[in-house]
Structures are given as structure tokens and as C-alpha cells.
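Asker: Take this structure first; my questions come after.
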Amino acid sequence: MEDLKSLLDKYAKLCVKVGINIKKGQPLVINAPIEGLKFVRLLAQNAYELGASQVHVNWKDEELTKLKYKNSPMEVFQNYPEWKADSLEDFAKRGAGFISISSDDPQLLKEMDPKKIAAANKSASLALKEYRNYTMNDINPWLVVSIASKAWAKSVFPELEEEESVEKLWDAIFNATRIYEDDPIQAWKDHMNNLKEKVDFLNSKDIESLHYTSLNGTDLKVKLPLGHIWAGGGAITQDGVPFAPNMPTEEVYTMPHKYGVDGVVYSTKPLNYGGKLIDEFKVEFKDGKVVDYHAKVGKDVLKDLFDIDEGANRLGEVALVPFDSPISNSNIIFMNTLFDENASCHFAFGKAYPTNISYGENMNDEELDAHNVNNSLTHVDFMVGDKDTKIVARTLDGETIELFKDGNWAI
């Protein structure tokens with residue numbers, strides 16, 4: 001087997017060449033934990049070799065984060081630093097690519113004041129609204145990936161010693177991102193083409209609504225807006241540059257009708273939100289809005305999420321992922337949305353991607369609202385797919401199509 005350094009170099013090349021698809025003269029911004037120093041250096045090296053003009057890194061440290069939550073007053077969390085938001089927006093205006101490394105300890109803020117966490121999430125969402133318009137409208141290429149941090153690995157594999165848990169998590173990451181393939185870059189291109197076949201089929205059917213049912217009690221009808229667009233695998237910037245926003249990815253997705261979600265849905269995997277876990281929860285919708293919810297773990301955290309704004313009470317994404325997929329088949333609960341959402345059909349509370357409706361990237365907030373597109377300061381994925389999930393589509397001309405049967409694609 002190849003050594004870790006060689007595998008990490010392949011991973012970095014994949015991220016820069018396929019994930020961001022960096023171009024000559026383009027800046028690159030990396031948001032990373034300090035534990036990822038070696039990998040970040042590989043990302044930077046590969047980016048510069050491909051012509052990047054600048055690699056800027058925003059570092060974070062979990063121990064410093066905990067100290068901040070323990071000692072800083074509430075006003076610190078209510079006021080996101082303007083210079084941070086201005087910096088990201090400036091890089092976005094200059095056409096930068098953005099890589100975010102997601103490897104947080106799922107239990108990081110378990111003992112911290114939930115009011116501080118809610119305030120921090122809300123202030124960041126407000127401050128970063130303009131920056132996120134660049135990424136959610138695919139103006140700039142962006143990528144979310146993970147590394148095997150010690151705390152995250154220990155949370156996923158608590159029965160193992162630290163070193164062994166990190167090795168096992170790296171193995172899972174490399175499997176999910178196709179790094180073990182002879183040619184990971186070509187393997188990714190093939191994978192994205194396979195997802196595109198599903199996307200093209202769904203876009204050809206003029207689907208009006210989806211009906212989800214599972215033995216756990218899920219019974220949810222989701223209307224789709226006129227002009228919605230399915231996407232998945234790769235994306236394309238408004239300048240025509242292909243990129244891959246998530247590694248790994250197994251999903252195809254679109255947006256729901258803002259007022260067209262009715263019924264109840266049960267979660268099937270834990271949700272790590274702002275450093276706290278929400279687990280075993282169900283949510284009831286009427287006319288698109290959350291009208292009731294329960295959670296065995298983290299109900300107060302779920303409430304804080306819904307309290308961010310009106311749009312946080314509605315859905316902004318509908319994503320289809322087969323239960324029989326590499327990440328699901330690993331039988332690992334990652335407690336990391338990047339991985340768990342690609343092991344399960346999922347929805348997202350909050351903002352819809354404007355690129356999921358015809359000409360949405362050119363619409364302002366009022367125009368998007370007129371097309372029944374949800375808007376919010378937040379976008380939080382949660383997992384709902386199970387081994388018995390059934391999804392039936394109804395088209396505008398009245399045809400019914402069984403999209404999912406027993407948790408997997410039926411088409």
C-alpha cells in the first residue's frame with residue numbers, strides 16, 4: 001500500500017485540479033484547521049504549480065475556539081469581525097477559488113453555552129451573506145473536503161487507540177474520494193459523468209412533486225417549483241469553468257417549492273450543527289413551513305437553528321442519494337455532514353441554491369421569492385434516507401415515476 005504522504009499528494013492534486021480546477025493567475029483561499037498543516041502545504045504547492053497567483057490560508061484551532069466560548073462575553077459572538085467578511089468578499093471579487101476543510105470534533109462545543117453558539121451562527125450568517133452569494137450562485141469555484149483530525153477520528157472510532165482511529169478515518173476518506181483508484185482524477189470524471197446521467201433524466205421529466213415514505217414514519221410530499229433544475233456531481237461557474245463543490249459526493253439535487261412541503265420526515269443520521277449534535281429528530285411541515293418538531297438529542301439546538309430567520313423554517317434543498325453507495329456501505333456514522341449527507345437522501349433547512357432554477361443566478365431576492373425559491377441566512381443539510389425509503393415522482397402531465405425503491409434508485 002502507498003504511504004500516507006503519497007496518498008495525500010494525490011488527494012491534494014485531485015482537490016486543486018478537479019475540485020477547484022485552478023487557473024493561471026487565480027487566487028486560492030483555504031479555510032483549514034491547524035492540524036491540517038501538511039495537507040494545506042500540499043494544496044498550496046499543487047495550486048502554485050498550476051499557476052495560482054496567491055494561496056491565502058485562514059487557520060482555526062479547536063482549543064482556541066473552546067477557550068473563546070468559555071471566556072468571551074456574549075457581545076463577541078453577536079458581532080462577527082467585519083475584516084473577516086471583507087477579506088472573503090474581496091477575494092471573491094478577485095475571482096478566487098475557495099477550499100474549506102471540514103474535520104471538526106463533533107463534540108467540540110458540547111459543554112458550551114448554546115446561546116453563544118446560536119449567536120455566533122447568526123452573526124456569521126449575516127456578515128457572510130454577500131460572500132456566500134458568490135459561492136451559492138457558482139460565480140466562484142468552491143470545494144469542501146475533509147482530513148482525518150485526531151478528535152474527529154476518536155469520535156467516529158471511540159473503541160480504537162488514537163493513532164489507529166486516525167488511520168482508519170483516513171482509509172475511509174481515501175475510499176470515499178477514490179484516491180485508491182489507479183487514476184483518481186479520471187475516476188472522478190467518470191463518477192461525475194454517471195451522476196450527470198441521473199441529472200439529465202430528471203431534468204427531462206418536468207417533475208411536479210415528490211412523495212417520500214419510509215417505515216420509520218416519514219410521509220412527506222414535496223412540490224417542486226416551475227423551472228427547477230436538477231444538478232449533481234460537478235458544477236460550472238458562470239464563466240464556464242467546471243469544478244466539483246464536494247468531495248466526496250453521491251447526490252443529485254434540486255430545490256423544493258417554498259410553500260409546497262407537507263407531512264412529516266424523520267432523520268436517519270445525527271446532525272452536527274455548530275459543534276453540537278442533533279439526533280433522532282422528526283419535523284412536521286405544512287405549506288412549506290415547520291409547524292412542529294421533536295428531537296431525542298439537541299432539541300434546543302434545533303430551535304436555535306429555526307430561530308435564525310423565517311427561511312430557516314423552510315426547505316432549500318432536495319437531494320437524492322442511494323442507500324447502496326460507497327459511504328453508506330462503509331457502515332460508518334461520520335458525524336460530519338459532508339460524508340453523512342452522501343450516504344443518505346437528505347434535505348436542507350434554509351437557503352436554496354439560485355442555480356437550481358432557470359436563470360436564478362440572475363435574479364434578485366424579490367424575483368427569487370416570486371418564483372417560490374426559499375431564502376435564508378443559513379443552509380443546513382440533514383439526512384432522511386433509509387434502507388426502505390421510497391420516492392415517487394409525479395410529472396406535470398400526470399405520469400408517476402418510482403425514483404427510489406428500498407432506498408436505492410429504481411430508474
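The values are calculated or read from the model by the stated rules, or taken from the named source; none is laboratory data. Fair warning: this is a prediction, and the values are worked out from it, not measured in the lab. With ideal geometry, Cβ positions are generated from the backbone for all residues, glycine too; neighbour counts draw on all protein chains shown.
Asker: Does region 19-30 include one or more residues that are farther than 23 Å from Met136 by Cβ, touching a residue at least 12 places away in the same chain (Cβ under 8 Å) and not aliphatic (A, V, I, L, M)?
Answerer: Among the residues of region 19-30, at least one is farther than 23 Å from Met136 by Cβ, touching a residue at least 12 places away in the same chain (Cβ under 8 Å) and not aliphatic (A, V, I, L, M), which makes the answer yes.
Asker: Looking at Glu367, is it outside any strand (DSSP E or B) and touching a Pro at 6+ places or on another chain (Cβ under 9 Å)?
Answerer: So Glu367 does not fit the description; no.
Asker: Something else about it: Count, please, the residues in region 286-302 that happen to be free of Cβ contacts under 8 Å to residues at least 12 places away in the same chain and not aliphatic (A, V, I, L, M).
Answerer: Residues flagged as free of Cβ contacts under 8 Å to residues at least 12 places away in the same chain and not aliphatic (A, V, I, L, M) within region 286-302 amount to 1.
Asker: Since Glu63 meets every condition but one in (1) exposed (fewer than 14 other Cβ atoms within 10 Å of the Cβ); (2) touching a residue at least 60 places away in the same chain (Cβ under 8 Å), which condition does it not meet?
Answerer: (2)
Asker: Would you mention how many residues in region 249-293 are of a type in the set (Gly, Ala, Ser) and part of a strand (DSSP E or B)?
Answerer: 1
Asker: Take region 156-165 and flag every residue that is part of a helix (DSSP H, G or I) and without any contact (Cβ under 8 Å) to a residue 12 or more places away in the chain.
Answerer: Glu163, Glu164, listed by residue number.
Asker: Tell me, please, whether a residue that is in a loop (DSSP other than H, G, I, E, B), surrounded by 17 or more Cβ atoms within 10 Å (Cβ to Cβ), outside the structural domain of Asp365 (by TED's automatic domain parsing) and under 19 Å from the mean Cα position of the chain (by Cα) can be found in region 130-138.
Answerer: Within region 130-138, one or more residues are in a loop (DSSP other than H, G, I, E, B), surrounded by 17 or more Cβ atoms within 10 Å (Cβ to Cβ), outside the structural domain of Asp365 (by TED's automatic domain parsing) and under 19 Å from the mean Cα position of the chain (by Cα).
Asker: Look through region 281-297, keep the residues that are exposed (fewer than 15 other Cβ atoms within 10 Å of the Cβ) and among the acidic types (Asp, Glu), and return whichever of them is nearest to Thr65 (Cα to Cα).
Answerer: Asp292
Asker: Which ones in region 335-353 are part of a loop (DSSP other than H, G, I, E, B), crowded, with 24+ Cβ neighbours inside 10 Å and not small (Gly, Ala, Ser)?
Answerer: Matches in region 335-353: Cys345, Lys351, Tyr353.
Asker: Can you say whether Lys168 is in a helix (DSSP H, G or I), surrounded by fewer than 18 Cβ atoms within 10 Å (Cβ to Cβ), in contact (Cβ under 8 Å) with a residue 12 or more places away in the chain and in the same structural domain as Glu62 (by TED's automatic domain parsing), as far as the supplied structure shows?
Answerer: Yes.
Asker: Where residues in region 384-398 are touching a residue at least 60 places away in the same chain (Cβ under 8 Å) and assigned to a loop (DSSP other than H, G, I, E, B), which of them is farthest from Glu280 (Cα to Cα)?
Answerer: Asp397
Asker: Let me ask something else about it. So, restricting to strands (runs of 3 or more DSSP E) that lie completely within region 19-122, which ones have at least 1 residues that are of a type in the set (Ser, Thr, Tyr) and not assigned by TED's automatic domain parsing to the domain that holds Gly233?
Answerer: Where strands (runs of 3 or more DSSP E) fall fully within region 19-122 and carry at least 1 residues being of a type in the set (Ser, Thr, Tyr) and not assigned by TED's automatic domain parsing to the domain that holds Gly233, they are 97-101.
Asker: Another one. Go through region 217-252 and report how many residues are within 19 Å of Ala343 (Cβ to Cβ) and β-branched (Val, Ile, Thr).
Answerer: The total comes to 3.
Asker: Given the conditions (1) surrounded by 16 or more Cβ atoms within 10 Å (Cβ to Cβ); (2) part of a helix (DSSP H, G or I), and given that Phe404 satisfies all but one, which numbered condition is not satisfied?
Answerer: The number of the failed condition is (2).
Asker: What single numbered condition from (1) crowded, with 19+ Cβ neighbours inside 10 Å; (2) modelled with pLDDT of 95 or more fails to hold for Gly234?
Answerer: Of (1) crowded, with 19+ Cβ neighbours inside 10 Å; (2) modelled with pLDDT of 95 or more, only one is false for Gly234: (2).
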